[in-house]
Structure formats: structure tokens, C-alpha cells
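Notes for the one structure printed next.
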Amino acid sequence: MKRSYIFGTTALLCAAFLSSIAALSAAEAQWTIRNKARETITVVAHRGAGDLAPENCLSSLELTWDMGGVPEVDVRTTKDGHIMMFHDGNFARIRPDAPEEVKKQSVETLTYDEVRALDIGAFRGEQFKGEKVVSIEEIVEALKKDNRRAIVIDVKKVDFEQLAKAVYDVRFQVTLTSGNEADLAKWADICGEDYDATLWMGLGGYTDADVEKRFEKLRAENFKGVKRLQIHVAKDAEGNLKPSPECLRACANELRRRGIEFQTMPWRTKDCPGAASDVEFYKTLIRLGSMGFGTDRPDSAYQAIDEFYAESPEDWNVRDNIPVDEVSVQGHRGMGNEAPEGTLETFRAAWAKGLVPEADVRMTKDGVIVSFHDNDFQRIIPSAPEDARKMGVKDFTYEECRQLDVGAYKGEEFKGQKMADLDEMIDALQEDPTRLIYFDVKQIDFELLAKKTESVHPQIILASSSYDQIKTWKKFAPRSKALLWTPTTWGGTADDVVERFDKIRDANFEGLWGLQIHVVADENGAVKPTPEVLRYCGTELRKKGVIFQTLSWTNGDKYSTYKTLFDAGCASFATDYPTETMQSIKDYYDEKE
């Protein structure tokens, strides 16, 4: 296949953009969405699945939600100030049989009642006759019916402050999208930390030089307001991609390093009229690093994603597929044995070291959520009176708990540290949107936890050994992540592990971002469960994009342990020995050189 960019002027403009990624690609594993939990893959249905139902109508929204996708809708404002869902600047395409004077009208020239009187479904067939233009209020009510629903709003002609006010109650379910980066920056200024936004570009006509020119402008503003970026991709008459594969891979890598979700959209042109339903087209874009899709055919996008995950190669290995700096490490109880458990100071130290800290959450006697692992105080506050040591967080008020020193037991340098409360943890997460935290639930009210942490749900990984607990949590916090951990089997057999694992697999790993298996390792790196069992589990998890994590209860400070686990396909670790674990990861990747 020939490259789709033209050598000469275009190549010179793109040389700097592509050369850096060429060198990078030679040294690094190439990321694909198999490294991302399947349930987090975004499929945005253009105009509300416009190829499957009349665009921008309630039936298209419901169809998309039923498929698990996110409908994209276009909004305009009527003459009397109502925000309505409609794409075109007139009615000629949607009402082809209407009188000419009606075709020339637009949402902006009519009142709310006049717009609502129009039939926008009949043009797609008798079964859609009677579909009406939908108001922003109806969209909000539809979102309130199910907090797992989300919507992408493409702004045509609206007042941003009016729109923000209209969707405030469902703001965490709304993403604004525009082809103009100034719109996204404005939305970010209006909505603050609550905003989500996608910048789209291309319309099927972008060359590599066009992309680089646009990226240069975005870099100058540090991609302000852009949480996701979608590039429309077409094919020429010979089947070459436009923009080129090299350009798309460069975009994918740069955006991922910036924490921005990279989406692509197969774009319909005269050279590729069937782009939206071309399953192989989607798979090509996945291989180039696409993290999600915009599409006129969400059914085809989902088919491609499912097939791609299921086609995980038998010789898959960690080093060739996951960049070393993307191997996720959980700091057990915060930072393992290197710092006091569950304090804000420990969480900050963990983030600074590149870890994802774990906080064990409980509720005080008066209903405040704090981080503390044990049921009682005997281990963490050994100097306390004996009767107090036998009591726990649930027996004291928040103010009483905050008076306790939970750092001194680890050494004089930690003296005076307090157990972290939920508000402090939320504030720390909001300081940096790239920070993540595990919440291991001990004794908690899920609904209260979900409500208080709504603004940082995407940064939370709820951890539990109960699948039922995870399912309950996901009902309250669908935008969060969840990890199921399986207790260690000191005397168990391989069959025990596989039997438990297969029950979860048979449930299709529903709601899971990750699964953690506890292992026991000896001095030489031999592990239980066996490497064969671990590789089986890892292979099945990759087919659904579920992160495969292990926690070694013994010899977690030995390189031999991590080499065995890496070789068995483990791609993430929880650890009590963060320094040794991080060094082992580096050493393992260095072996490839």
C-alpha cells in the first residue's frame, strides 16, 4: 500500500512531526486499546446513530444507549430562545417534500412551537413518521433516567452559559464537542472542573500537513479545554488513509502522553462511501492507536472492537505491547511498607513516585468517610490504652479519629500524621486530573461515597473482593473504574483458581476495569498459582480488555518474582515494596535491549 501523504512540500512540513515518533516507535511498545479496559472504550454515534434511525431524534438516542454507545447531537437555538437538537442550517434535506419556503427556513428563524410541529422522521421511512425535534430539557430528562447514559453535544448556534445551566444537573454525563478549539476553551472557563470536551477535525479532507498545522496551534495553548480529540479519517481511490498511518500513530502517541483521549471517525467520501460500516477500517484505526470512535454506524464499530479484542495473538507479551511507563503499579495501603498507611502524605508520596495509591475506606461513628485499613487500632496505634486499641474507626467520631497519630508507628519522621478524610483525598485528586486512587471498601455506604466523589469518578478505582459489591457501586458511579481482587490461595490448587476465575469470565467481566490475583512466590520466583494458570487468566482478560494485576504476598521485593509474573503475561502489580517493584519493571524491560 502506498503512503497517502505526498512527498515534497507536504513531507517537509511533516518531517519534524513524524521523525520523532519514528525513533520512539522503534524503541517502544506500540499501544493499542487492548491495554485499555473494554468497558471504557468510547463509541460516539454521530448525530445519534444517524445511519440507523432519523438523526437527532429520541429514537436514535435510545437506540444508541441500548447499544452501549454515546449519542452525539447537534444543538441550535430557536427564535424565542429554546435550545433544540437539530444539525442542518435549513430543512431542505430533512423535509425534502416540503414547500420551498419551508425548506429555506431554519431552527433559528422559527419559534419553539413552530419547530415542534415539524415531522423530522418521515424522510427516513414510514416507521419513523412523527419524530419531533427534541429540546434540551427532554435530553436532560432522558439522561436522568439512567446515570450510565452519556451524551455528546455539538454546538452550532447556542449561548454557552445558557447551555451549561440547562445541563447542570447531568453535567457529568455531558461532553461538549466542536470543530473550534476556542469553543472548548470557553466551555472550560464556564464549567470549571466539571467540563468534558472533544475537539473534532478533518471532515475527511485533512492531509498530514493540515494535522501538523492544527497541532502546532493546539500545542501553543497546551491543548486548553481539550479532553478528547477526534480526527476524521478517509481513504483515497487506492485505499490509502488520509491522514497517513504514520501521522495518525504520531497523533495517538502524543495525545496519550498528554492524557487526551484520541478518537478517530471513518469518514464517508466519494472514494469510500461505505466507510462507516467497514469493520476492517475500524480495526486498522485501532492498530494505529485509536482509543475510541465517532461513527455513523455504532454497530459496526462495536463489531470491530469485539473482534479486535478477541483476536489477541497467542504470542502476546508485555514488553512488546505495553510501554514501560504505562505499566500500572498500585501502592498497597498507600505505599506499602515505605510509609504510614492511609495518610494524605503517603498518597502524595505515592503519586510522586508514579504509583496509584490504595486507600481503605471506612466510616466514623458520625458518618464521615476516612482512610483506615484495620478493624481496630492495635497494630497502628500500639501505644494507645488497651481498651481503645480493641476499638475501631466505627466506634469514634471524626474529630476523635483525627486526633489519633497514625504515623508514629512507622518511625519518628512520620510522627503526627493523621488518617486522611474523603474531602482531603478529593481535593488532592482535583489538583491533578492524571492522578488515580484505589478505594478498597471496608465498611462504607456506597451511595454516599458515590455522591460525595462524583466530580472525580473517572479518577477512582473501586477495589473489592465481592463482585456483587462492584456491581452495586457501578450503578451509583458508572464513570468510575472497578477492580475485583481474589484472595490468596496458600493451599489451593490451580483448579480452585480457574474455577473461580471462570465464573467471573462467564459473567463477561461485566463492570470490571481490572482483576487482581494474589500470588505466593518463593525465593527463586516460582509462583502459586502456576504461570500456566496466570497466563490463561491473562489471555482471557485481554480478550475483554480487563487489566490483569497481581499482588505477591511473599518475596514481592525480588526481581525473580516480577520476571516470572511478567513472563506469565501479568501487566500490572500491587505491591508492598514500591521501590523494588519499580526497579524490577525497569530491569525487565532493559533485558530486551
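The values are calculated or read from the model by the stated rules, or taken from the named source; none is laboratory data. Nothing here was measured: the structure is a model prediction, and the numbers come from that model. Every residue, glycine among them, receives a Cβ derived from its backbone with ideal geometry; neighbour counts consider all protein chains shown. The accessibility values were calculated without ligands, DNA or RNA, using every heavy atom of the protein model including side chains. Shrake-Rupley method; radii C 1.70, N 1.55, O 1.52, S 1.80 Å.
General remarks:
- Candidate set: the stretch 548-585, residues that are of a type in the set (A, V, I, L, M) and more than 19 Å from residue 336 (Cβ to Cβ); chosen: the one nearest to the chain's Cα centre (by Cα): 571
- Yes/no for residue 270 being surrounded by fewer than 20 Cβ atoms within 10 Å (Cβ to Cβ), under 21 Å from the mean Cα position of the chain (by Cα) and more than 24 Å from residue 478 (Cβ to Cβ): no
- Filter result for residue 372 (out of contact with any strand residue (DSSP E or B) (no Cβ under 9 Å at 6 or more places or on another chain) and of a type in the set (A, V, I, L, M, F, W, C)): no
- Residue list for the stretch 219-256, filter: among the small types (Gly, Ala, Ser) and either touching a Pro at 6+ places or on another chain (Cβ under 9 Å) or on the phi < 0 side of the Ramachandran plot (or both): 220, 234, 237, 244, 250, 252
- Selection within the stretch 381-399 - of a type in the set (A, V, I, L, M, F, W, C) and open to solvent by less than 40 Å² (accessible area, probe 1.4 Å): 381, 384, 388, 393
- Subset of the stretch 340-370 (residues that are open to solvent by 10 Å² or more (accessible area, probe 1.4 Å), in contact (Cβ under 8 Å) with a residue 60 or more places away in the chain and aliphatic (A, V, I, L, M)): 344, 356, 363
- Residue selected from the stretch 560-579 under the condition in contact with a Phe, Trp or Tyr (Cβ under 8 Å, 6 or more places away or on another chain) and assigned to a helix (DSSP H, G or I), by the criterion nearest to residue 323 (Cα to Cα): 566
- Test: residue in the stretch 54-74 that is touching a residue at least 12 places away in the same chain (Cβ under 8 Å), farther than 22 Å from residue 152 by Cα and open to solvent by less than 40 Å² (accessible area, probe 1.4 Å): no
- In the stretch 503-529, of all residues being assigned to a loop (DSSP other than H, G, I, E, B) and farther than 22 Å from residue 328 by Cα, the one that is least open to solvent (accessible area, probe 1.4 Å) corresponds to 507.
- Residue within the stretch 380-390 that is modelled with pLDDT of 95 or more and among the hydroxyl-bearing types (Ser, Thr, Tyr) present: no
- For the stretch 258-284, a residue qualifies if it is under 26 Å from residue 222 (Cβ atoms) and touching a Phe, Trp or Tyr at 6+ places or on another chain (Cβ under 9 Å), and the qualifying residues are 258, 260, 263, 264, 265.
- Members of the stretch 126-141 that are hydrophobic (A, V, I, L, M, F, W, C) and surrounded by fewer than 19 Cβ atoms within 10 Å (Cβ to Cβ): 128, 140
- Within the stretch 290-300, the set of residues being farther than 15 Å from residue 230 by Cα and small (Gly, Ala, Ser) comprises 300 only.
- Subset of the stretch 286-321 that is in contact with a strand residue (DSSP E or B) (Cβ under 7 Å, 6 or more places away or on another chain) and among the aliphatic types (A, V, I, L, M) - its residue that is surrounded by the most Cβ atoms within 10 Å (Cβ to Cβ): 301
- Long-range neighbours under 9 Å by Cβ, at least six apart or interchain, first residue within 13 Å of residue 181 (Cα to Cα) and hydrophobic (A, V, I, L, M, F, W, C) within the stretch 204-223, second open to solvent by 40 Å² or more (accessible area, probe 1.4 Å) and not in a helix (DSSP H, G or I): 218/224; 223/258
- Candidate set from the stretch 227-240 (those that are open to solvent by 10 Å² or more (accessible area, probe 1.4 Å) and assigned to a loop (DSSP other than H, G, I, E, B)); member that is nearest to residue 206 (Cα to Cα): 236
- With respect to the stated conditions, residue 170 is in a helix (DSSP H, G or I) and within 21 Å of the chain's Cα centre (by Cα).
- For the stretch 530-576, the set of residues classified as polar (S, T, N, Q) and either closer than 16 Å to residue 502 by Cα or surrounded by fewer than 18 Cβ atoms within 10 Å (Cβ to Cβ) (or both) consists of 530, 539, 554, 560, listed by residue number.
- Here residue 316 passes the criteria (1) within 16 Å of residue 35 (Cβ to Cβ); (2) within 18 Å of the chain's Cα centre (by Cα) except the one numbered (2).
- Scanning the stretch 94-125 for residues that are within 23 Å of residue 71 (Cβ to Cβ), open to solvent by 50 Å² or more (accessible area, probe 1.4 Å) and modelled with pLDDT of 90 or more turns up 112, 116.
- Of the criteria (1) touching a residue at least 24 places away in the same chain (Cβ under 8 Å); (2) β-branched (Val, Ile, Thr); (3) over 20 Å from residue 52 (Cβ atoms), which one residue 102 fails: (1)
- Per the conditions (1) more than 20 Å from residue 296 (Cα to Cα); (2) without any contact (Cβ under 8 Å) to a residue 12 or more places away in the chain, the sole criterion not satisfied by residue 270 is (1).
- If the condition is being within 25 Å of the chain's Cα centre (by Cα) and aromatic (Phe, Trp, Tyr), then the stretch 331-390 contributes 347, 351.
- Filter result for residue 256 (surrounded by fewer than 19 Cβ atoms within 10 Å (Cβ to Cβ) and within 27 Å of residue 433 (Cβ to Cβ)): yes
- Condition broken by residue 329, with the remaining ones in (1) part of a loop (DSSP other than H, G, I, E, B); (2) buried (at least 19 other Cβ atoms within 10 Å of the Cβ); (3) touching a residue at least 60 places away in the same chain (Cβ under 8 Å) satisfied: (1)
- Number of residues in the stretch 272-304 that are of a type in the set (D, E, K, R) and touching a Lys or Arg at 6+ places or on another chain (Cβ under 6 Å) equals 0.
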